[in-house]
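Worksheet: the structure to be examined is printed underneath.
Coordinate-derived values only; no laboratory data. The model shown is predicted, which means the values in this text are computed figures rather than measured ones. Note that each Cβ is placed from the backbone with ideal geometry, even for glycine, and that neighbours are counted across all protein chains shown.
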Amino acid sequence: MHRVRRPARRIAARYRLPAPALPFLLAGAVGVFAGLGAVALTEAVELLTDLFFGRIGPAFVDAGGDWMIIWVPVLVAVPVVFLIERFAREARGHGVPEVMLSLETRDGRIRPRVPLVKGIAAALTVGAGGSVGRGGPIVSVGAGVASIIAQETQQRPEMMRTLVAAGAAGGVAATLNAPIAGVFFALEVILRRFDVRNFTIVVTSAVIANMVAVAFEGDVPGIRLEPHTFESVLEVPFYLALGATAAVVGVLYVRIVYATEDIFGRLIGSPYLRALVGLLAVGALGFWHEELFGVGFDSIEVAVVGDFTATTLAVLVVLKIVATSVTLGAGASGGVFAPSLFIGTMLGSLMGQGFNSIASGIAPPGAYAVVGMAALFASAARAPMTSLFIVFEMTRDYSLILPLMIGVVTATVLSQLITRDTIYSIKLSRLGVVLPDDSRALAMDSIPISEVMRSDVAAVRREATLEEIAEALSWAPSSVLAVHDEGGRFEGLISQTDVTAALQRGSTELASDLQIRSPASVYPDDSLRTAIAVLSEHGVHQLPVVARWDEQRLVGLIEQTDVITAFAKYAAQVRPQNRGRRVTVPRPVGAVQLEIEVEAGSSMDGHSLAEIDVPTRAVVTEVRRSGVVLVPRGGTLLEAGDRLTVLTESNARLSVERVLRGQGRGPRR
């Protein structure tokens, strides 16, 4: 067997690059394309905003009066829905949950068409006044580009996941001119774990993406605000109150967004009619308060200055929640980050005016507006570090560190006490995916191969005879030998099975003839997740562990049994903490289970469970995808390769199996 090298490794070998440098070169490429994608999306939104509100909107107003502005968002309803329904349903909504879903179920694989469709649909939605932001779409674009690069260079699952997170970080860094916040967003929200290697790769992408954006757009803050100061320790109770209020409003915001989506889905079946009705409602709200149209950063700057009355601020808090919920419920495309900042700013400014009336000498309303924007996003997304740094970098105001920490921590803790759901996790749970937060996932990601591998690997020279190989195997600690060349460099493996077969046939082969050049290898700092994925992908029982900086230097061997043993030991240590979490559902008497596989091109492929014909005497109990069990819900989108577990009555088995297998089969060739 010849050693199969991934294209990324061939590139490294061709240009004599050290292997450890390759991930950073890939991260740099991801950063460049994420930065260009962010610039393109920003320019597209500005051009479309000028088109719709600088030309088409005024023409409508001239023709029929001021109220005609309500029709501007409606103009993009059909094009946006057509793009999403025809080319990429993943482009619907705010983008971040779809990226997280790809990491959990497909190791970061995103279809190449998704970033393009997402970018166009979001630009149309925001440009025509949809009450959403650019942040979520650019996360989707950056992650999608990173996934394409990772797939083309055939990266391992762990590296692909890291590069996808790096693409998301680059998108946030470039579109908001906030590289540090982009890094923490990727680690807190997308990957949900931190280690040095992930951190350095994500930082590389974020910095380069930000540099690309600055080269085109200039080094300007995302929001232009005057600096504020922390006046007195007597303000601490006010900031605590603001954080607590932001926690409640943030949770309400999240729940209203998804409740509105449910209402639209139940009442209006057609996605086109849903978009027309929803965007018309957004137009009506925008006619009442034009601040509700689009991203809303200009209105944030006005609110911080204090030019809105208390009544206007209160109305904008409520209506922005409604407008954003309706935009997303209508099936349009856009992010929830900018609306979170908008709502938080209005809430903070409103409460700041109240505090100022109580203590006018020590409570400037503008400072509370800044803290409010961070606190509300922290409540909705449960990402405190991202919330802190994104406000620092977007406003360039570092004088409110203590108030920001008070507000963000208070909002995060209280919102977590109210609910474990976030604005991103709810959508995943509705798709049947529960984010892993238990010890098993921690073990998969945190235990390095170096702690599990066997370092005492017996070796022979490539010129060794069959008798010498047999003798070496007799005292070897495992059933595998490594083969080295004259310089001691690793070439391949010899198994005991192959040696026994050669002896039985009286062969005179040497080690160089018997050796198997391993189809894959792993590094000592790779995780158990990577080891399991590579073992499964190549169908082998053991893998050589090679030095990252020199792949012909063998440092150990890892076998399937080593991985299982390590995992079992870890699970035994943490089992007492996890008792009571597993629920066993008894199977009814007279019931049977069926396994149905979804084939490519079948009537199930690309459709949700609600859209397929499930017989009334059957129920889908689980969907397995790439080793991950999804909880089946009506909105769970099926893909080729999914395996459905179906529970049905024993006397209905044949009819149910015939109906479902007929839908699961691909087209005949």
Could you give the distance between the Cα centres of region 540-554 and region 163-209, to the whole Å?
29 Å
Output the 0 to 90 degree angle, nearest 10, between the alpha-carbon long axis of helix 401-418 and the longest principal axis computed from the alpha carbons of the chain.
70 degrees
By average Cβ neighbour count within 10 Å, what is the ranking of 551-558, 121-128, 486-493 from highest down?
121-128, 551-558, 486-493
Projected area, mean over directions - region 224-298, Cα convex hull, nm²
7.4 nm²
Computed Rg/Rh of the chain, alpha carbon atoms with Kirkwood Rh:
1.04
With -39,500 (n - 2.57) per DSSP H segment of 4 or more residues and division by the full residue count of the chain, the 222 nm estimate, nearest 500 deg cm²/dmol, is -18000 deg cm²/dmol
Near THR125, within a Cβ-to-Cβ distance under 13 Å, what is the net charge of the other residues, with Lys and Arg +1 and Asp and Glu -1?
+3
Quickly rank 99-108, 497-506, 38-47, 341-350 as a protection proxy: mean count of other C-beta atoms within 10 Å, highest first.
341-350, 99-108, 38-47, 497-506
If you take the C-alpha gyration tensor of region 83-138, multiply each eigenvalue by 5 and take the square root, what semi-axes do you get, largest first, in whole Å?
20, 12, 8
Any chance you could tell me what percent of the C-alpha pair distances in region 7-217 go past 24 Å?
42 percent
For the chain, with only Lys/Arg (+1) and Asp/Glu (-1) charged at the beta-carbon, what is the dipole magnitude about the Cα centre, in debye rounded to 20?
1620 debye
Residues LYS320, LYS427 in order from fewest to most other beta-carbon atoms within 10 Å are LYS427, LYS320
